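Structure first, commentary second.
The values are calculated or read from the model by the stated rules, or taken from the named source; none is laboratory data. The model shown is predicted, which means the values in this text are computed figures rather than measured ones. Please note: Cβ atoms are built from the backbone with ideal geometry, for glycine as well, and neighbour counts cover all protein chains shown. Calculation scope for accessible area: heavy atoms of the full protein, side chains included, ligands and nucleic acids excluded. Shrake-Rupley method; radii C 1.70, N 1.55, O 1.52, S 1.80 Å.
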2 protein chains.
Amino acid sequence: MSSLKTVDSIIHARWLIPVEPNDVIYENHALVMQQGKILDILPSAECEQTYQSDDVCQLNTHALIPGLINAHTHAAMNLLKGYADDYQLMHWLEKYIWPAEQKWVSEEFVYDGSSLAFAEMIQSGTTCFADMYFYPEIAAKVAKEIGLRACIGLIVIDFPSAWASSAEEYLDKGLALHDQINEWPLISSMFAPHSTYTVSDAALKKIATLSNELNIPIQTHLHETKLEVEDCLKLHKLRPLQRLENLGLVSSSLIAVHMTEINKDDIKTLANNGVHVVHCPESNLKLASGLCPVAQLQDSNVNVCIGTDGAASNNDLSMIGEMRTTALIGKIVAQSAEALTARTVLEMATINGAKALAIDKLTGSLKIGKAADVVAINLDELANIPVYEPISQLIYTCQNSNVTHVWVNGKILLNNKQLCTINESALKLKAADWQRKISSTIN
Amino acid sequence: MSSLKTVDSIIHARWLIPVEPNDVIYENHALVMQQGKILDILPSAECEQTYQSDDVCQLNTHALIPGLINAHTHAAMNLLKGYADDYQLMHWLEKYIWPAEQKWVSEEFVYDGSSLAFAEMIQSGTTCFADMYFYPEIAAKVAKEIGLRACIGLIVIDFPSAWASSAEEYLDKGLALHDQINEWPLISSMFAPHSTYTVSDAALKKIATLSNELNIPIQTHLHETKLEVEDCLKLHKLRPLQRLENLGLVSSSLIAVHMTEINKDDIKTLANNGVHVVHCPESNLKLASGLCPVAQLQDSNVNVCIGTDGAASNNDLSMIGEMRTTALIGKIVAQSAEALTARTVLEMATINGAKALAIDKLTGSLKIGKAADVVAINLDELANIPVYEPISQLIYTCQNSNVTHVWVNGKILLNNKQLCTINESALKLKAADWQRKISSTIN
């Protein structure tokens, strides 16, 4: 027995879907974790001859997949989910969302809203997210405490908020936060100018320069609606993407969120500059914003990943559901049932997200040497069987309840559906408190 | 105590959403069941002064809704879910589905496939379904055994199958089945000519006559794709709906499934004749068939309900998920976030389905005197809170796992997520058996 190497954890699973390479599914394999990393992937039988651990997890009806990456959300808005549904975008914002935010957004709001969001993310197999909201230092802190991987948006907007009063102050606070969280192993940052219609040329130019100097990605809402594009054309005689190009923001550091209203020139610009696109299908549908031509973008070699957007316009943060919607809606938009296959969509939700956030060397696939960001999906519920093809069942038949285990950087966050780093009942009390307060806004 | 009336069952719930009337949500109310029917709906406090029962269910964080009605499915195809995904419709049918059906469809296939489907339906809050498949007598028998409400399609198609060899034989067998199941309290029947392109004029005319005489609804796939409409125009110089009109099938007994490719005249025909439409959004998306203009139909007072279609083109039978997709996709098609509100979609999945199947006097809403077809949804998961508006949370944040209890005709089929009338482990073994057999078809 002394010849066996002792390791931190071993997970045996019925299927292991590494995503890289993308045409392989391993059966009856083990994933070996050591010091937060994937040390080995090998047949279970061979594993038993090679490794030993005090922490062995046997998942006989499960598929292991890379942790899902939610490439665009506003986590704290979780407290506003269902607060105002079935309204037009501007009415929704002006009459409900902005007044509620104006009144309630605070450190405490962001702490509790982010906690609730992160719990839902873990329960639905998300191990990493890109966030854009006020008080980003709080979201970063909660993510660190709970153990999620995060890319925290350094928000910039020309409107004053409880967090900052001018674009300069947003930027200054953001840069200070960047310096602080730079040291935290699971947290990175990105500039997050809200949109071209809420941030001035001067601030956008400054962000371009800083992004270049500090090598920080930039995420922004872009071409979310036809109206946004039309307004920009009226005001600037440029489409929003062209405006960003002129200001020096269009590069492989740019992560463009939404991109529903795009033409051939836009696609060329995105492709030629290596811009990443975050597709948020459920938010785009729910707000009737538009439809992103994902297959067309992919045919032009644009990297497209997936985001849920905030829970106020979705209304959930499930990447399991968002993958399914991505596949379904992608086919009708492309007018082909062969577009956006289950396999393609799984890549979008994992490695493509990692590429957009510039952390693909670290995560996004189950590859030896990468971080052990791993999710176990039980495919043995009645709604999932028979299993002819595990990736098909994952994309087309799974729901959050199929997610049983989640590890981030080798640490278990969900163990047999139990949250390990979050006190669920305390969180429910907090949510009930906020519900009482926020309900009073419109009463 | 002697003044209390003894009843079969009492359910106390945090919210009770009756659907009829559609603008009411009762809080802290009780639903009283007696002999399979809803005897009373009243405040819980009042209920305790009025009724007593050995069977009292206390659901403090749940919403009670009418059982969901899946107005179009092919239940037995559950055994083929995930068998062939991401293919174009005709390739999918000709290369995969039809050969597998040719080889495997039998009494046993339909028994096991239907059982698996019904288990999934119950787990996702469906209490009634309309089915179209071979061996309908088997589906009827299984539904009766398990306790689901069903409208069984008397399938007619010009192709021979293991069940029947000609349109006449299909019809004869169907009529015999109709006579038989007419006596069963939870089962009704409908003629189910497969489509205008697979059933001859003669058979369709005969069905029109019989439907009239026997007062049986007719369900058929109609205007599912652009190609179907174009082919019919070439062959008959008529759109499929016009062809049915000429043959005498267009009336309030007609249940038209899909209707993605329709023009203003079609809508007028549907509206003027009281034709019911079954919207199957997920199947339409997955096969890239087209988009049904639901809001437009509703504006013209056409009754639109919801179906999942078969699991081979969905790939689940969840009406919870189908309602969400209906709301999301309905908004983008109508280009308005205000279209297809959560409330409208819940009506589509309940009372509208009952109207289409001509059983709305019996079920489809929580109304005193109707059958006790009731579903309890727990809204206290982290993904559902805060709850500002229960119907919004139901449509936009719920998944199958929120469904905790299901009653049909007063009988409990799902008790705290446990199936009461189905042996789950036996069913899993059957599914595994079929997987082995069916996989061999393409190998």
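Numerical summary
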{"read-out": "B:ILE41 accessible area, assembled protein chains, probe 1.4 Å, Å²", "value": "30 Å²"}
{"read-out": "Percent breakdown of C-alpha pair distances by 5 Å bin, ordered from the shortest bin, for the stretch B:149-278", "value": "2, 11, 21, 24, 20, 13, 6, 2, 0"}
{"read-out": "Rg/Rh ratio calculated on Cα atoms of the stretch B:254-294 (Kirkwood radius)", "value": "0.98"}
{"read-out": "Mean separation of Cα contacts under 8 Å, 6 or more apart, over the residue count of chain A: relative contact order %", "value": "20 percent"}
{"read-out": "Per-residue average of Cβ from other chains inside 10 Å of B:281-288", "value": "5"}
{"read-out": "At 0.692 mPa s and 37 °C, Stokes diffusion of the protein assembly as shown via Kirkwood alpha-carbon radius, µm² per second", "value": "117 µm²/s"}
{"read-out": "Rounded to the nearest 10 Å², the accessible area of A:ILE187 at probe 1.4 Å", "value": "10 Å²"}
{"read-out": "Accessible surface of chain A [probe 1.4 Å, protein heavy atoms]: carbon and sulfur percent", "value": "48 percent"}
{"read-out": "Relative contact order of the stretch B:285-358, pairs being alpha-carbon contacts under 8 Å that are 6 or more residues apart, as %", "value": "35 percent"}
{"read-out": "Using a Förster distance of 51 Å, the FRET efficiency for B:THR198-A:ASP380 (Cβ separation, nearest 0.05)", "value": "0.90"}
{"read-out": "Long pairs among A:LYS103/A:LYS205; A:LYS286/B:LYS361; A:LYS331/B:LYS95, criterion Cα-Cα beyond 25 Å", "value": "A:LYS103/A:LYS205; A:LYS286/B:LYS361"}
{"read-out": "Helical mean residue ellipticity (222 nm; -39500 (n - 2.57) per DSSP H run of 4+; nearest 500) of chain B", "value": "-11000 deg cm²/dmol"}
{"read-out": "Residues of the stretch A:226-326: accessible area per residue with a 1.4 Å probe, Å²", "value": "32 Å²"}
{"read-out": "Pairwise centroid distance, computed over Cα atoms, of the stretch A:187-226 with the stretch B:256-318, Å", "value": "42 Å"}
{"read-out": "Residues losing 10 Å² or more accessible surface upon assembly, the stretch B:50-91, compared with the chain by itself, 1.4 Å", "value": "B:LEU79, B:LYS81, B:GLY82, B:TYR83, B:ASP85, B:ASP86, B:TYR87, B:GLN88"}
{"read-out": "Inter-probe distance in nm under a simple model that places probes 7 Å from Cα toward Cβ, at A:THR441 and B:ALA45", "value": "3.2 nm"}
{"read-out": "Of B:CYS128, B:CYS420, B:CYS280, the one that fluctuates the most in a GNM where chain B has Cα springs shorter than 10 Å", "value": "B:CYS420"}
{"read-out": "Among beta bridges that DSSP assigns inside chain B, antiparallel share in %, nearest 5", "value": "45 percent"}
{"read-out": "Chains B and A, summed buried accessible surface - 1.4 Å probe, Å², nearest 100", "value": "5100 Å²"}
{"read-out": "Cα centroid separation - the stretch A:59-98 against the stretch B:372-431, whole Å", "value": "23 Å"}
{"read-out": "Principal axis dimensions, largest first and in whole angstrom, of chain B by Cα", "value": "71, 47, 44"}
{"read-out": "At R0 = 22 Å, FRET efficiency that the Cβ-Cβ distance of A:LYS5 and A:LYS417 yields, to 0.05", "value": "0.10"}
{"read-out": "Square roots of 5 times each gyration tensor eigenvalue, C-alpha, the stretch B:231-276, largest first, Å", "value": "17, 12, 9"}
{"read-out": "Residues along the stretch A:324-343 losing 50 Å² or more of accessible surface when the other protein chains are present rather than the chain by itself (probe 1.4 Å)", "value": "A:ARG324, A:LEU328, A:ILE332, A:ALA337, A:GLU338"}
{"read-out": "Solvent-accessible area lost in complex, 30 Å² minimum, residues of the stretch B:368-384 relative to chain alone, 1.4 Å", "value": "B:ASP380, B:LEU382, B:ALA383"}
{"read-out": "Heavy-atom accessible area order for B:THR126, A:THR225, largest first, 1.4 Å probe", "value": "A:THR225, B:THR126"}
{"read-out": "Heavy-atom accessible area order for B:MET90, A:MET77, largest first, 1.4 Å probe", "value": "B:MET90, A:MET77"}
{"read-out": "All-pairs alpha carbon distance profile, the stretch B:1-149, 10 Å steps from 0, percent", "value": "10, 29, 24, 18, 14, 4, 1"}
{"read-out": "Extension gain (nm, one decimal) between B:ASN273 and B:SER425, 0.36 nm per residue minus Cα-Cα", "value": "50.0 nm"}
{"read-out": "Neighbour cut-off at most 14 other Cβ (10 Å), DSSP loop, trypsin sites (Lys or Arg not before Pro), the stretch B:172-274", "value": "B:LYS237"}
{"read-out": "Given chain B, longest segment not containing exposed loop GluC sites (Glu not before Pro) (DSSP; at most 16 other Cβ within 10 Å)", "value": "B:1-182"}
{"read-out": "DSSP beta bridge pairing in the protein assembly as shown, given as percent antiparallel to the nearest 5", "value": "45 percent"}
{"read-out": "A:HIS74 accessible area, assembled protein chains, probe 1.4 Å, Å²", "value": "20 Å²"}
{"read-out": "Normalised alpha carbon radius of gyration of the stretch A:255-413 [divisor 2.2 N^0.38 Å]", "value": "1.05"}
{"read-out": "For the stretch B:336-443, accessible area per residue (1.4 Å probe, heavy atoms of protein chains only), Å²", "value": "34 Å²"}
{"read-out": "Normalised contact order of the stretch B:290-443, rounded percent, pairs of Cα under 8 Å and 6 or more residues apart", "value": "17 percent"}
{"read-out": "Principal axis box of the stretch B:71-124, alpha-carbon based, largest edge first, Å", "value": "32, 24, 19"}
